[in-house]
1. How many residues does segment 98-113 contain that are assigned to a strand (DSSP E or B) and either buried (at least 16 other Cβ atoms within 10 Å of the Cβ) or of a type in the set (Val, Ile, Thr) (or both)?
2. So, in segment 114-151, of the ones that are without any contact (Cβ under 8 Å) to a residue 24 or more places away in the chain and not small (Gly, Ala, Ser), which residue ends up surrounded by the most Cβ atoms within 10 Å (Cβ to Cβ)?
3. Hey, does segment 88-95 have a residue that's surrounded by fewer than 15 Cβ atoms within 10 Å (Cβ to Cβ) and in contact (Cβ under 8 Å) with a residue 40 or more places away in the chain?
4. Among Val79, Val62, which is the only one that is in a helix (DSSP H, G or I) and either over 30 Å from Ala147 (Cα atoms) or within 13 Å of the chain's Cα centre (by Cα) (or both)?
5. Any chance you could count how many residues in segment 38-57 are charged (D, E, K, R) and under 19 Å from Arg121 (Cβ atoms)?
6. Tally up the residues in segment 22-61 that are under 21 Å from His97 (Cβ atoms) and modelled with pLDDT of 95 or more, please.
7. So which of Ile14, Ile56 is among the aliphatic types (A, V, I, L, M), surrounded by 15 or more Cβ atoms within 10 Å (Cβ to Cβ) and either under 27 Å from Tyr139 (Cβ atoms) or in contact (Cβ under 8 Å) with a residue 60 or more places away in the chain (or both)?
8. Whether any residue in segment 22-34 is in contact with a Gly (Cβ under 7 Å, 6 or more places away or on another chain) and either over 18 Å from Trp126 (Cβ atoms) or surrounded by fewer than 18 Cβ atoms within 10 Å (Cβ to Cβ) (or both) is what I want to check.
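The values are calculated or read from the model by the stated rules, or taken from the named source; none is laboratory data. In this text, all values refer to a predicted model and were calculated from it rather than measured experimentally. Reconstructed Cβ throughout: ideal geometry from the backbone, glycine too, with neighbour counts over all protein chains shown.
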Amino acid sequence: MSSESEMRNDRTDIREIVGQYFAALDLRDPKLMAGCFSEDTVYKALDGEGGVYNGIADTVAVLMGVKVFTATNHKASNVTINLKGDSADVVTFAIAHCLIGPIDSARILIRGLRYVDKFKRTPAGWRIAHRRHIPLWQYETASVPLALPQS
């Protein structure tokens, strides 16, 4: 039986992996991304419509290979964690801001996302073993030139 302190630490560790995943996407850092997944991970992009990827190498290659976005910024809004010993069911809602095209004439895609995950405890710590990436809604708008506000 896990103590309350151990469960709190597990939840913190899982939340750190959720944050690491978004940072890896936005930084486009394959090494950071690889540290989010278990060796036997299964990733269902766009809830399977965007493909199903198996293992760290395949998953990281696909995620780092997305070239349509000039830049992205992902932010988790809600994370629920249901611990079950050495596994956990985790649901994360997020907002993604995605820049498409050159900065001076870009479009911005804003998406609401849900990630439904199975995490597992590995010798390296908590890792995503199964992920469903589910787009919920989106809209698109034009960007404005980067500039400091004028007084």
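1. Taking segment 98-113 and keeping what is assigned to a strand (DSSP E or B), we get 98-100, 107-113.
Those still in the list that are either buried (at least 16 other Cβ atoms within 10 Å of the Cβ) or of a type in the set (Val, Ile, Thr) (or both) too: 98-100, 108-111, 113.
Qualifying residue count, segment 98-113: 8.
2. We begin by selecting, within segment 114-151, every residue without any contact (Cβ under 8 Å) to a residue 24 or more places away in the chain; these are 114, 123, 144, 147-151.
Filter once more, keeping what is not small (Gly, Ala, Ser): 114, 123, 144, 148-150.
Details: Arg114: 15, Pro123: 5, Val144: 8, Leu148: 5, Pro149: 4, Gln150: 4.
Looking at the filtered set, the residue picked out is Arg114.
3. No, that holds for no residue.
4. Values: Val79 fails: in a helix (DSSP H, G or I).
None of the other options fit; the residue is Val62.
5. So the first thing to find is which residues in segment 38-57 are charged (D, E, K, R), and the list is 39-40, 44, 47, 49.
Now drop any that are not under 19 Å from Arg121 (Cβ atoms), which leaves 39-40.
Of the residues in segment 38-57, 2 are charged (D, E, K, R) and under 19 Å from Arg121 (Cβ atoms).
6. The number of residues fulfilling the criteria is 11.
7. Working: Ile56 fails: either under 27 Å from Tyr139 (Cβ atoms) or in contact (Cβ under 8 Å) with a residue 60 or more places away in the chain (or both).
Of the residues listed, the single one that is among the aliphatic types (A, V, I, L, M), surrounded by 15 or more Cβ atoms within 10 Å (Cβ to Cβ) and either under 27 Å from Tyr139 (Cβ atoms) or in contact (Cβ under 8 Å) with a residue 60 or more places away in the chain (or both) is Ile14.
8. Step one: of segment 22-34, the residues in contact with a Gly (Cβ under 7 Å, 6 or more places away or on another chain) are none.
No - not one qualifying residue is present in segment 22-34.
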